[in-house]
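Okay, so here's the structure we're looking at.
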Amino acid sequence: MKIDESIQIGNQTFRTRIVMPPIATYRCTQTGGNVTDEMIDYYGKCAANKNVGLIITEHSYITMQGKAKEKQLSIADDSNIEGLSRLTDVIHQNGDKVFAQLNHAGSAAIPNVTNMDIVAPSSIALPVVPPISDNEMPKELSKTEIENIIEAFVQASIRAKKAGYDGVEIHSAHGYLLNQFYSPLTNRRKDEYGGSLENRLRIHTETIRAVRQAVGNDYPISVRFGGCDYMEGGSTIDDCVKACRLFEKEGVDMISLSGGMCRYTRKGHTEPGYFQDMSLAVKKQVSIPVLLTGGVTTRKEAEQLIENHAADLVGVGRALLKNPQWEDM
Ligand SMILES: Cc1cc2nc3c(=O)[nH]c(=O)nc-3n(C[C@H](O)[C@H](O)[C@H](O)COP(=O)(O)O)c2cc1C
């Protein structure tokens, strides 16, 4: 398998196996989180890179309460669809596929950005490294509030489809809300959303099912999964493998592996594919495509990871951010 071999995900075929993973640029309008001309220009340049087959646009907030930062991209309102359509158009014009990343920041939201309560599975400080914010203790979500968040994921998926996105990615990595439910470090709930692994993944399965129903059977759904916290008492590779098997059973089309409470880097590791201990374990147990991101800076490194069966697709983040013409000749 080479990186230039096409790959099918749901009803979509990507021209290569190199993916530009979500990289938040925070270049949206201050009010409304709308797409700007500067973003169109930037994403157009990245999509023109012939190495890339799929672009997953930066994390977009599904409700104001889940907004992580000023000038973050919004998919929380129908008024965002027009700008998002311009974004998907410029990417399609350059021959790439594009997925939307849907996110609720949970306790990583910043109170003076949202002007709302900060919420999380449990009232626990976020142990992410490095810290996303030094906010106050979050309020524990009620079951009704959890249902409302699932509905917000559904509405955001419908908007993504209307805006011309080829698929959606549910964000459960880097210490954001769904990842906070999954990690034993941040979920101490006593109800059906806490305790066992199955319970800590309940919001994931309910979200996947609800989104699937809204977008139809063929429309690709990816989960970005911070499968391992690499911290004492946190989620483990064994948990990650079980979770990915569950996602596959629930009809997810692609799993994008990254870190949990360690976020997207791993202490003491900078080698290409520094989360490959996770992806190698997952790939033995699932048959849906696995995207691995972290530390890749050359085509050759990406090729090697695919040849070694550590991944079906490889993400190249910072190298493309630094140079949209990365390895493009
Ligand atoms: C500035 C910056 C912004 C990022 N924004 C996001 C994001 O919006 N969503 C996400 O899932 N990951 C985000 N990431 C993580 C990247 O997708 C990727 O996993 C990380 O950069 C490691 O890959 P790399 O070594 O190829 O850069 C971001 C990383 C950086 C450096």
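Values quoted throughout were computed directly from the atomic coordinates according to the rules given, and no laboratory measurement underlies them. The structure displayed is predicted, hence computed values, not measured ones. As a convention, Cβ positions derive from the backbone with ideal geometry for all residues, glycine included, and neighbour counts pool all protein chains shown.
One table, with the values for the structure above:
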read-out	value
Span from the the stretch 182-257 Cα centroid across to the the stretch 55-91 one, whole angstrom	23
Value of [θ]222 nm, deg cm²/dmol, for the chain, DSSP H segments ≥ 4, -39500 (n - 2.57) each, nearest 500	-9500 deg cm²/dmol
Relative pair counts by distance (%), Cα atoms of the chain, 20 Å bins	35, 61, 4
P(r) weight above 19 Å for the stretch 13-124, C-alpha pairs, percent	45
Neighbour-count order for E250, E232, fewest beta carbons within 10 angstrom listed first	E232, E250
Span-like helix ranges in the chain, DSSP H, alpha carbon extent 27 angstrom or more, Kyte mean at least -0.5	143-162
Test item: Cα-centred dipole of the stretch 7-322, Lys/Arg +1 and Asp/Glu -1 on Cβ, debye	480
The stretch 7-322 - share of DSSP beta bridges that are antiparallel (%, nearest 5)	10
Residue-count net charge about Q8 - beta-carbon cut-off 14 Å; Lys, Arg +1, Asp, Glu -1	-2
Over 25 Å between alpha carbons, listed pairs K45/K267; K97/K300; K161/K249; K2/K97; K162/K284	K45/K267; K162/K284
Residues D37, D4, D229, sorted so that the one with the fewest Cβ neighbours within 10 Å comes first	D37, D4, D229
